[in-house]
Amino acid sequence: MKIFDSHCHLNDKSYARDMDQVIGRANAASIDAMMIVGITERTSAQAVEIASSYPGCYASVGVHPHDATSCNENVLTKFKQLAKNPRVKAWGETGLDFNRMYSPKEAQEKWFIRQLETANELNLPLIFHERDSNRRFLDILKAHYADNGCKGVVHCFSGDRHELDEYIKLGLHIGITGIITIHSRGKGLRKLVPQIPTNRILVETDAPYLTPAPEKNKTRRNEPAFVRSVLMKVADVLEADPEQLADTIWHSTCRLFNIKSDN
């Protein structure tokens with residue numbers, strides 16, 4: 001079994017002291033690849049540095065909607081330079097978050113659109129963040145990115161059936177986190193997962209956040225090794241063979257990120 005953690009933040013300071021051990025535990029759990037996601041200029045540079053230092057690790061560069069006010073054309077130019085590194089395989093995490101409103105809507109939308117344009121210019125798939133945007137996220141995607149089909153993943157999907165159907169029609173993948181393992185919080189997600197084509201499902205930890213069960217009963221910090229629990233729960237919900245599902249998701253993730261699946 002080969003598993004790809006399609007979204008983790010090993011560039012978070014909580015891993016500064018035990019990075020080698022964290023990646024070692026992931027490899028021991030058959031997590032053979034990890035996408036380390038950038039959310040700011042600093043964390044994007046860190047993601048590239050980590051990915052360049054460990055086999056099986058890849059990086060994305062981008063500005064999270066929470067940090068949209070820190071984005072500017074100079075930052076995008078720096079990201080273009082970072083993206084020349086062969087370990088950079090995606091752009092993001094970018095999108096809209098109208099829940100916490102750490103950045104004004106106008107800034108979020110402006111720099112989301114510019115990041116869509118830049119990622120398209122570089123031919124990089126996108127890692128999307130969406131929360132409470134009331135269709136604005138979909139409207140922007142359709143207006144600025146959907147002409148040739150959308151290449152990307154909706155990270156930590158938490159939407160409804162209508163949103164899911166829209167994403168799938170656009171050609172997007174759907175990222176499933178440890179929320180699916182949580183009894184009450186994951187109930188709605190477990191109902192929707194069977195509606196996702198299996199070749200559009202990606203599994204992720206969002207580490208150090210969203211620790212799945214049963215690991216959340218032992219530790220607060222999530223880590224890539226725990227994505228195995230996410231995969232096993234998805235297999236349980238779909239009544240699928242875990243080995244076969246892992247193989248499907250592995251190849252889907254590699255195709256999305258333009259990574260050789262035999263790496």
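Read the figures in this text as sums done on the coordinates, not as results from a lab. As the structure is a prediction and not an experimental result, all values here were calculated from the model. Here the Cβ positions follow ideal geometry from the backbone for every residue, glycine too, while neighbour counts run over all protein chains shown.
Looking only at residues in segment 133-166 that are among the aromatic types (Phe, Trp, Tyr) and outside any helix (DSSP H, G or I), the one that is nearest to residue 193 (Cα to Cα) is 157. For segment 164-190, taking the residues that are basic (Lys, Arg), surrounded by fewer than 16 Cβ atoms within 10 Å (Cβ to Cβ) and more than 17 Å from residue 131 (Cβ to Cβ), the one that is nearest to the chain's Cα centre (by Cα) is identified as 169.
Has segment 215-223 got at least one residue that is within 13 Å of residue 176 (Cα to Cα), assigned to a helix (DSSP H, G or I) and either within 19 Å of the chain's Cα centre (by Cα) or not β-branched (Val, Ile, Thr) (or both)? Within segment 215-223, none of the residues are within 13 Å of residue 176 (Cα to Cα), assigned to a helix (DSSP H, G or I) and either within 19 Å of the chain's Cα centre (by Cα) or not β-branched (Val, Ile, Thr) (or both). Here segment 65-121 is the region considered, the condition is being of a type in the set (Asp, Glu) and assigned to a strand (DSSP E or B), and the residue that is farthest from residue 260 (Cα to Cα) is 97.
Checked against (1) more than 25 Å from residue 150 (Cβ to Cβ); (2) touching a helix residue (DSSP H, G or I) at 6+ places or on another chain (Cβ under 8 Å); (3) polar (S, T, N, Q), residue 219 passes all but condition (2).
Within segment 152-176, residues that are touching a residue at least 12 places away in the same chain (Cβ under 8 Å) and on the phi > 0 side of the Ramachandran plot sit with their Cβ atoms under 7 Å from residues that are buried (at least 23 other Cβ atoms within 10 Å of the Cβ) and of a type in the set (S, T, N, Q), at 6+ positions apart or across chains, in these pairs: 156/177.
Of all residues in segment 67-78, those that are polar (S, T, N, Q) have Cβ atoms under 9 Å from Cβ atoms of residues that are in a loop (DSSP other than H, G, I, E, B), 6 or more apart or on another chain, in 69/102; 69/103; 69/104; 70/40; 70/63; 70/103. If the condition is being at positive phi and of a type in the set (Lys, Arg), then segment 115-142 contributes only 135. Evaluate segment 45-52: report whether one residue or more is hydroxyl-bearing (Ser, Thr, Tyr) and part of a loop (DSSP other than H, G, I, E, B). Scanning segment 45-52 turns up at least one residue that is hydroxyl-bearing (Ser, Thr, Tyr) and part of a loop (DSSP other than H, G, I, E, B).
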